[in-house]
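Beneath this line is the structure, given in structure tokens, with notes to follow.
The values are calculated or read from the model by the stated rules, or taken from the named source; none is laboratory data. This one's a predicted model, so the numbers in the text were calculated from it and none came from an experiment. Cβ sites come from the backbone with ideal geometry, for glycine too, and all protein chains shown count toward neighbours.
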């Protein structure tokens, strides 16, 4: 009888653990945590903010993902992977290289000049990257991918005679990427989205010449 009772308890406990595993979806939880970091920034986000958003307790967070810093790294990596997927899908859509480049620049401006959700990569670069080597490496990974993406578009646009550039595709890609941080810094100071859009519009016109 005692043995049967032990088996019964074991099966109940196992069922409970399985239910918890099903309930906890790490990717969904990281997405929720990412939204908190994205909105509040790394330093202003508390563990309570994160566990409330993820709907788990702090011990579950430590056991499954780690501490606040480890979670932040996972969130950045998740953001970068989603961004990669979105950029890759732009190419699959079949638009011309120049049109994809224009759309990318316009979307970048919109992301930067957005009070509620500016680009997480640019925001993180300003807030955390200078003091955190691991974050720097993640952002370098993102920059490398974005640079390759832009170089490929520019080369294809030049080959199809959509663009006529007076420098190398790599240098133009470097110029565009460095512009993003400059636009964000200017937006932080002036809070004028139209100013950023005008600057981006000017750059796009220069590219089209």
Of the residues 31, 130, 70, which is in contact (Cβ under 8 Å) with a residue 12 or more places away in the chain, out of contact with any helix residue (DSSP H, G or I) (no Cβ under 6 Å at 6 or more places or on another chain) and either surrounded by 17 or more Cβ atoms within 10 Å (Cβ to Cβ) or farther than 30 Å from residue 155 by Cα (or both)?
31
Here the residues within the stretch 92-110 that are touching a helix residue (DSSP H, G or I) at 6+ places or on another chain (Cβ under 8 Å), without any contact (Cβ under 8 Å) to a residue 60 or more places away in the chain and in a helix (DSSP H, G or I) are 100, 103, 104
When the stretch 157-185 is checked residue by residue, the ones that are surrounded by 15 or more Cβ atoms within 10 Å (Cβ to Cβ) and not in a helix (DSSP H, G or I) are 162, 163, 165
Could you say which residue among 154, 196 is in a helix (DSSP H, G or I), more than 28 Å from residue 73 (Cβ to Cβ), in contact (Cβ under 8 Å) with a residue 60 or more places away in the chain and in contact with a helix residue (DSSP H, G or I) (Cβ under 8 Å, 6 or more places away or on another chain)?
196
Which of the helices (runs of 4 or more DSSP H) found entirely inside the stretch 2-84 contain at least 1 residues meeting this: at pLDDT 90 or above and closer than 30 Å to residue 145 by Cβ?
26-40, 47-54
Residue 188 being over 24 Å from residue 82 (Cα atoms), modelled with pLDDT under 90 and in a helix (DSSP H, G or I):
yes
